[in-house]
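This report concerns only the one structure given below.
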Amino acid sequence: MSMKMVILGLLLERDMHPYEIKLVMKERTMDRMMKLQMGSLYYAVDKLVQERHIEAVEVIHSSDRPDKTIYRITDKGKALFEQLILQQIKKNDLVFHPLYTALAFSRHIDQSKVEKLLEERIRETEHQVNFAYQVYEEHIAIVPRSALHAMYGKYEHSLIELKWLKRLFADVSERKMSDIGTPLDL
């Protein structure tokens, strides 16, 4: 996901300073949808300012803190935002799940080790499922439906991941990973 797109989208909601943008991104769990690094956020803000997609509207001075620059989106930024949204919707990237390649060869190692790691991963994924649903529920009254769809999508993807991991775990537990000619128990 484009950092510039997220910054512009949040500035469409209201004028903000970069740290506030970061807080909103974390509060909406966008850090689970994209790599969120403060350096890239500030770099993207600087680039958007240079390109006149956003502009400073206010600088808040404080004796005990660094100055805070509040930004707003420009008309040029709104046009870029629309372009970035349409590009992102059109994008259809392949999913490179870290387990896919390992699974293809996992039958060659100690299955009890695989089983143990899958148990841990299932517990983590159960937490992700619960957390994703909690985030969705907490935001129903405060974000537009477009954001709710993203949040609920994260929840549903986590559910599917959990179902897949449990089916995989069952096969590892029953030592079926080397079986050939039998379909999965779907």
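The values are calculated or read from the model by the stated rules, or taken from the named source; none is laboratory data. Bear in mind that the values here come from a model prediction, so they are computed numbers and not experimental data. Here Cβ is always computed from backbone atoms with ideal geometry, including for glycine, and neighbour counts include all displayed protein chains. Quick note on the areas: whole protein, heavy atoms, side chains included, nothing else; ligands and nucleic acids left out. Shrake-Rupley method; radii C 1.70, N 1.55, O 1.52, S 1.80 Å.
The figures follow:
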quantity: For Ile54, residues with placed amide H under 5 Å, excluding near neighbours; calculated: Val49, Thr74
quantity: Relative intensity, log₁₀ I(q)/I(0), of the chain from a Debye sum that treats every alpha carbon as a point, q = 0.08, 0.13 Å⁻¹; calculated: -0.40, -0.82
quantity: Span-like helix ranges in the chain, DSSP H, alpha carbon extent 15 angstrom or more, Kyte mean at least 0.5; calculated: 3-13
quantity: Förster radius 25 Å - calculated FRET efficiency between Glu13 and Lys91, Cβ distance, rounded to 0.05; calculated: 0.60
quantity: Dipole of the range 22-114, positive direction: furthest Cα of His108, Met34, Ser63, with charges on the beta-carbon; calculated: His108
quantity: Mean accessible surface per residue for the chain, computed with a 1.4 Å probe while every protein chain stays in place, in Å²; calculated: 68 Å²
quantity: Sites Ile140 and Glu27 - FRET efficiency at Förster radius 22 Å, r taken between beta-carbons, to 0.05; calculated: 0.95
quantity: Sorted peptide list for 104-113, 57-66, criterion being average Cβ within 10 angstrom, highest first; calculated: 104-113, 57-66
quantity: Assigned charges on the beta-carbon of Lys, Arg, Asp, Glu; the range 30-170 dipole about Cα centre (debye); calculated: 440 debye
quantity: For the chain, calculated [θ]222 nm from helices alone, where every DSSP H run of n ≥ 4 adds -39500 (n - 2.57); calculated: -21000 deg cm²/dmol
quantity: Flagged links, alpha-carbon separation over 26 Å, of Lys90/Lys163; Lys22/Lys47; Lys35/Lys176; Lys35/Lys113; Lys26/Lys47; Lys68/Lys154; calculated: Lys90/Lys163; Lys35/Lys176; Lys35/Lys113; Lys68/Lys154
